[in-house]
1. Can you tell me how many residues within region 124-142 are surrounded by 15 or more Cβ atoms within 10 Å (Cβ to Cβ), within 22 Å of the chain's Cα centre (by Cα) and farther than 18 Å from residue 29 by Cα?
2. Among the numbered criteria (1) surrounded by fewer than 18 Cβ atoms within 10 Å (Cβ to Cβ); (2) modelled with pLDDT of 95 or more; (3) within 27 Å of residue 179 (Cα to Cα), which single criterion is violated by residue 17?
3. Can we say residue 211 is surrounded by 15 or more Cβ atoms within 10 Å (Cβ to Cβ), closer than 27 Å to residue 140 by Cβ and more than 13 Å from the chain's Cα centre (by Cα)?
4. Given (1) in a helix (DSSP H, G or I); (2) in contact (Cβ under 8 Å) with a residue 60 or more places away in the chain; (3) farther than 16 Å from residue 206 by Cβ, where does residue 140 come up short, assuming only one miss?
5. Given the structure, is residue 162 outside any helix (DSSP H, G or I), under 20 Å from residue 67 (Cα atoms) and within 19 Å of the chain's Cα centre (by Cα)?
6. Checking the condition out of contact with any strand residue (DSSP E or B) (no Cβ under 7 Å at 6 or more places or on another chain), under 25 Å from residue 187 (Cα atoms) and assigned to a helix (DSSP H, G or I), which residue from 106, 82, 89 passes?
7. For residue 113, all conditions in the list (1) closer than 18 Å to residue 52 by Cβ; (2) in contact (Cβ under 8 Å) with a residue 40 or more places away in the chain; (3) more than 14 Å from the chain's Cα centre (by Cα); (4) surrounded by 18 or more Cβ atoms within 10 Å (Cβ to Cβ) hold save one; what is the number of the exception?
8. What are the pairs, 6+ residues apart or on separate chains, where a residue within region 75-97 that is without any contact (Cβ under 8 Å) to a residue 40 or more places away in the chain and on the phi < 0 side of the Ramachandran plot has its Cβ under 7 Å from a residue that is in a loop (DSSP other than H, G, I, E, B) and crowded, with 24+ Cβ neighbours inside 10 Å?
């Protein structure tokens, strides 16, 4: 068997075994790692929107560039701090079922446990960040609120399509950390890959678990479109799109493509 092929899927198998062991050993322990993922996403989102607001004031049009660059560091924190991210687990669990590392039932339990605690973490840590001084009295036209209003104004088809593309990008970044050995290379690759989805404004369920509550807790007046049905619609179609992008297009496709050939392996 090709050494790179063995290395990639051996690493995937070991990662899946570790995730299953963590969940079996302690649901709350696993849940804490999932909550830490949204802690890092909330911190990344916070510095990104604040930086973007200052940048827009200094140089109109530059805010989105700075936002996308700063937000990219969220995934770096998640990867290096061994937190559990639901959207990357869409890829891991799909590969696990296809390769028979996990049963379909156990894969679902792992994935939905991760998603549930990602949401809880997003709500808790967004509330805590909203209490900090810099998030007090944000103007109604702040970059954070404008971004969330834009997300809530999308149609279900737009959310679903952008969700697919967002998680293709995120899981491409995750794959790069598996394939690359040098830490500096991993960081550079993740920053520039995640920049793509952040700059294009694609829909990432777990990022929205952080940004939506942060906007809600920080707002001094109602945010246009932020209703229960609007938020749930976004979560539903972003989540479905994310699964197609990360679970099927990246996870299942590459697992299937590499199932037999001893010559060409990814």
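1. 4
2. Single failed check for residue 17: (2).
3. In short, no.
4. Against the list (1) in a helix (DSSP H, G or I); (2) in contact (Cβ under 8 Å) with a residue 60 or more places away in the chain; (3) farther than 16 Å from residue 206 by Cβ, residue 140 comes up short only on (1).
5. Answer is no for this residue.
6. Exactly one residue qualifies, and that residue is 89.
7. The single condition residue 113 does not satisfy is (1).
8. none
The values are calculated or read from the model by the stated rules, or taken from the named source; none is laboratory data. Values in this document were obtained by computation on a predicted structure and should not be read as measured data. All Cβ positions, glycine included, derive from the backbone under ideal geometry; neighbour counts span all protein chains shown.
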